[in-house]
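Chemist: A single structure is presented below for examination.
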Number of protein chains: 2
Amino acid sequence: MIRDQTRKVNLGPLTIGGGAPVLVQTMTNTDTRDVSATLGQINRVAERGAEAVRLAVLDEKAARLLAEIVPHSPVPLIADIHFDWRLAVLALKAQVAGLRLNPGNIKDPQKIRKVAEAAGEANAAIRVGVNAGSLEAEIFSQYGRTPEALVRSAVKELQLIESTGFKNLVVSLKASEVGLTVEAARLMARETDYPQHLGITEAGDQESGVVKSSVGLGLLLYEGIGDTVRVSLTGPPEAEVDCAWEILRSLGLRARGPEFISCPTCGRCQIDLPQLLKEVKDRLRSLKTPLKIAVMGCVVNGPGEASQADLGVAGGSGDGAVFVKGQPVGRYKFGELAGVLEEKARLMAGEPRA
Amino acid sequence: MIRDQTRKVNLGPLTIGGGAPVLVQTMTNTDTRDVSATLGQINRVAERGAEAVRLAVLDEKAARLLAEIVPHSPVPLIADIHFDWRLAVLALKAQVAGLRLNPGNIKDPQKIRKVAEAAGEANAAIRVGVNAGSLEAEIFSQYGRTPEALVRSAVKELQLIESTGFKNLVVSLKASEVGLTVEAARLMARETDYPQHLGITEAGDQESGVVKSSVGLGLLLYEGIGDTVRVSLTGPPEAEVDCAWEILRSLGLRARGPEFISCPTCGRCQIDLPQLLKEVKDRLRSLKTPLKIAVMGCVVNGPGEASQADLGVAGGSGDGAVFVKGQPVGRYKFGELAGVLEEKARLMAGEPRA
């Protein structure tokens, strides 16, 4: 996979773009003014693999309280600003690593320039985040709800910010439609070198949101577009982080923890495979080392898949054959299999049970 | 989206390929010899939107009992055959609409020709279904686990079957890796006109399997490749059908029932949006008419998204503004919103409550 060439942008200690690993982001859904709830959620999503976290900054109180959140966060924080440019300046004073501005709702060029200057002094990043649901009226009336509209809206704001000398810019062009999001990102990648933050916005609950985000982000990432991602789900941000990692892993871009290959089970399967898979996953949830583990129901594809994995099991009649790096290492009764797989996985990962 | 040009294949009363709508398939995970359990599952997945269902045929008893299943199935059935060609002939006698043969495990050309002749007489379809986990040894040793290996294995078998005059052929090239599956399908689409059945095999449980299938199938379908799909999940086949429909819908290829656009909720949201979304979904689960329904938490993107949808709500402070075809039609208290949305959706769909 050839990654699109983008400029390097700093987000606190992290790099976005220029070939850096695709960054996993999420956003809190707590009230940012509730410092303890917000920090709790930041810590949980960071533990789950979120590498940067965005927070809604709705009012001055929220902006000021960022100063009590930022020093305790294990990951860089990004203030999500709408309508009021002064909240951006307050957030920068609280040392956020980045701002997200929506060109649809801070319109005065003077105010945007002031924000850019403050961000430059604070060495923060700015993401210009266009959303098809909140396009500026004049862009919407000229281009409609099209890829061009999203790109024009973003480029206008990006150029305005760059005119102040500020270059630490990321862009995102989100829509709730996969096709519109994909075509906008492709157009932006052809025309500019800004790193892109990818997301399908208003993607829906976990049932449909995971699918939409996987289709949209997956297809852009597979063609090399995208430097940072956020999966948007109506649900806990932890699920967003899990889904983002699954997308990156499915394309071989990044991996975290064990990957499970398992068959859908059919009439050929003679062991309780979903139960075995669940038990092995639960036992290994804390593992950080990427390992490929095949949990297969039968001998048709079982040994083949198991031999491609670091560790595998192919179910038989009430038992299973275990493979390590493609070599059979023994048959075990069903009740023993989860324990055997955990033990072997922890040994390979060098991560003994806590 | 320009669909890849493929030949038309008949599967019972259905058409696969040649521009026909992408067909949604799944596979039972019951013991096929348990006629009543199998028919029960076939009926449930058909009600959920499965348009063809595959069954594992492990032994002669299963093959013969197909004769008691086929006449009662609301959708065409496909017999999944491995190792023993005689089971294919028995399944055809039982009037299945199609066979799936795995070139990795029926090797004698004479036997394959006999199956093709029987399928021709029965006017059935044959899918040559290659699986990276069960490649023939000689292909594997020559090409390794590569797109070429999958294509060569399939083409060899397809040509052998075509040499008998049988043309009603579908092909699938499945692997547990997204990249391998995608590149194999692309290569096959460039080289041949067989309709392709898409799937990521051994995709994993719902957590990772939905993501892998969405990424892989989504990106192929977006470039016009794929005439029928099966999402493989370690879990209930109903979930496979739901996921397949979500993928097709996300790309605007096909739709069934309401589509929900909803925001991830953030600090701006002042109503219990996940609860509202869940209640509206539950109330409208039986709806078959495609409708776009936006359930949004706040005024930033809410009215914009709601105005693009057939029906929408943008949350306020303990209440919500409801939109019909972009026009505001009133504000309602939180507790009334789900009922109001159901009523308006059923009216638009012309599907009153049963």
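The values are calculated or read from the model by the stated rules, or taken from the named source; none is laboratory data. A quick note: this is a predicted structure, and the numbers were derived from the prediction, not measured. We place every Cβ from the backbone using ideal geometry, glycine too, and count neighbours over all the protein chains shown. Protein only, heavy atoms only, side chains kept; ligands, DNA and RNA dropped before computing areas. Shrake-Rupley method; radii C 1.70, N 1.55, O 1.52, S 1.80 Å.
Chemist: Considering only residues that are facing chain A (nearest Cβ under 7 Å) and either in a helix (DSSP H, G or I) or closer than 23 Å to B:E351 by Cα (or both), which ones fall in region B:243-258?
Modeler: Selection gives B:C243, B:E246, B:I247, B:S250, B:G252.
Chemist: In region A:54-100, what residues are of a type in the set (A, V, I, L, M, F, W, C) and at positive phi?
Modeler: Selection gives A:F83 alone.
Chemist: Right, another one. Of the residues that sit in region A:53-70 and are under 24 Å from the mean Cα position of the chain (by Cα) and outside any helix (DSSP H, G or I), which one is farthest from the other protein chains (Cβ to nearest Cβ)?
Modeler: A:V53
Chemist: Give region B:227-242 a look and list any residue that's hydroxyl-bearing (S, T, Y) and either in contact with an Asp or Glu (Cβ under 6 Å, 6 or more places away or on another chain) or more than 8 Å from every other protein chain (Cβ to nearest Cβ) (or both), or say none.
Modeler: B:T228, B:T234
Chemist: Further question: Looking at (1) open to solvent by 70 Å² or more (accessible area, probe 1.4 Å); (2) at pLDDT 90 or above, which is the one condition that is false for B:V299?
Modeler: All conditions pass for B:V299, except number (2).
Chemist: Related question: Which number in (1) within 14 Å of another protein chain (Cβ to nearest Cβ); (2) under 20 Å from B:L217 (Cα atoms) marks the one condition that B:R33 misses?
Modeler: Result: B:R33 fails condition (2) only.
Chemist: Does A:R268 meet the test of being part of a loop (DSSP other than H, G, I, E, B) and either in contact (Cβ under 8 Å) with a residue 40 or more places away in the chain or more than 10 Å from every other protein chain (Cβ to nearest Cβ) (or both)?
Modeler: Here the answer is no, as A:R268 does not meet what is asked.
Chemist: Are there any pairs, at least 6 apart or on different chains, whose C-beta atoms fall under 7 Å, with the first in region B:122-138 and modelled with pLDDT of 95 or more and the second basic (K, R) and in a helix (DSSP H, G or I), and if so, which?
Modeler: If the second residue must be basic (K, R) and in a helix (DSSP H, G or I), no pairs are left.
Chemist: Is region A:77-85 home to any residue that is in a helix (DSSP H, G or I) and either open to solvent by less than 10 Å² (accessible area, probe 1.4 Å) or more than 12 Å from every other protein chain (Cβ to nearest Cβ) (or both)?
Modeler: Scanning region A:77-85, I find at least one residue that is in a helix (DSSP H, G or I) and either open to solvent by less than 10 Å² (accessible area, probe 1.4 Å) or more than 12 Å from every other protein chain (Cβ to nearest Cβ) (or both), so the answer is yes.
Chemist: Residues being at positive phi and open to solvent by less than 50 Å² (accessible area, probe 1.4 Å): count how many of those fall in region A:101-144.
Modeler: So the count comes out to 1.
Chemist: So, A:A56, is that one closer than 24 Å to A:N131 by Cα and either touching a helix residue (DSSP H, G or I) at 6+ places or on another chain (Cβ under 6 Å) or open to solvent by less than 10 Å² (accessible area, probe 1.4 Å) (or both) or not?
Modeler: yes
Chemist: Follow-up question, since we're still on this one. Regarding A:D310, is this residue in contact (Cβ under 8 Å) with a residue 24 or more places away in the chain, open to solvent by less than 40 Å² (accessible area, probe 1.4 Å), under 20 Å from A:W245 (Cα atoms) and more than 9 Å from chain B (Cβ to nearest Cβ)?
Modeler: So A:D310 fits the description; yes.
Chemist: Among (1) more than 23 Å from B:T38 (Cβ to Cβ); (2) in contact with a Cys (Cβ under 8 Å, 6 or more places away or on another chain), there is one condition A:K281 misses while meeting the rest; what is its number?
Modeler: Against the list (1) more than 23 Å from B:T38 (Cβ to Cβ); (2) in contact with a Cys (Cβ under 8 Å, 6 or more places away or on another chain), A:K281 comes up short only on (2).
Chemist: When you go through A:E351, A:E343 one by one, which is the residue that is free of Cβ contacts under 8 Å to residues at least 12 places away in the same chain and not aromatic (F, W, Y)?
Modeler: Step by step, each of A:E351, A:E343 is checked, and only A:E343 is free of Cβ contacts under 8 Å to residues at least 12 places away in the same chain and not aromatic (F, W, Y).
Chemist: How many of the residues making up region B:313-341 are in a strand (DSSP E or B) and either surrounded by 22 or more Cβ atoms within 10 Å (Cβ to Cβ) or basic (K, R) (or both)?
Modeler: Summing the residues that are in a strand (DSSP E or B) and either surrounded by 22 or more Cβ atoms within 10 Å (Cβ to Cβ) or basic (K, R) (or both) in region B:313-341 gives 7.
Chemist: Considering only residues that are within 8 Å of chain B (Cβ to nearest Cβ) and either among the acidic types (D, E) or within 30 Å of A:N123 (Cα to Cα) (or both), which ones fall in region A:169-202?
Modeler: Residues satisfying the conditions are A:E177, A:T201, A:E202.
Residues are listed down the side, and each one gets a yes or a no for (1) in contact (Cβ under 8 Å) with a residue 40 or more places away in the chain; (2) more than 8 Å from chain B (Cβ to nearest Cβ); (3) out of contact with any Lys or Arg (no Cβ under 8 Å at 6 or more places or on another chain):
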| position | (1), (2), (3) |
| --- | --- |
| A:G204 | no, no, no |
| A:V211 | no, no, yes |
| A:G224 | yes, yes, no |
| A:I261 | yes, no, no |
| A:D282 | no, yes, yes |
| A:G297 | no, yes, no |
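Chemist: Of everything in region A:86-100 that's within 27 Å of the chain's Cα centre (by Cα) and open to solvent by 60 Å² or more (accessible area, probe 1.4 Å), which residue is nearest to A:T181 (Cα to Cα)?
Modeler: Residue satisfying both the conditions and the ranking: A:Q95.
Chemist: Would region B:14-28 turn up any residue that is over 21 Å from the mean Cα position of the chain (by Cα) and away from every other protein chain (no Cβ under 14 Å)?
Modeler: Looking through region B:14-28, none of the residues is over 21 Å from the mean Cα position of the chain (by Cα) and away from every other protein chain (no Cβ under 14 Å).
Chemist: Among the residues of region A:38-47, is any in contact with a strand residue (DSSP E or B) (Cβ under 8 Å, 6 or more places away or on another chain), surrounded by fewer than 19 Cβ atoms within 10 Å (Cβ to Cβ) and either away from chain B (no Cβ under 14 Å) or of a type outside the set (K, R) (or both)?
Modeler: Yes, the conditions are met somewhere in region A:38-47.
Chemist: Shifting gears a bit: Which one of the conditions (1) in a loop (DSSP other than H, G, I, E, B); (2) at pLDDT below 95; (3) closer than 27 Å to B:L221 by Cα does B:E47 fail to meet, given that it meets all the rest?
Modeler: Going through the list (1) in a loop (DSSP other than H, G, I, E, B); (2) at pLDDT below 95; (3) closer than 27 Å to B:L221 by Cα, B:E47 breaks only (1).
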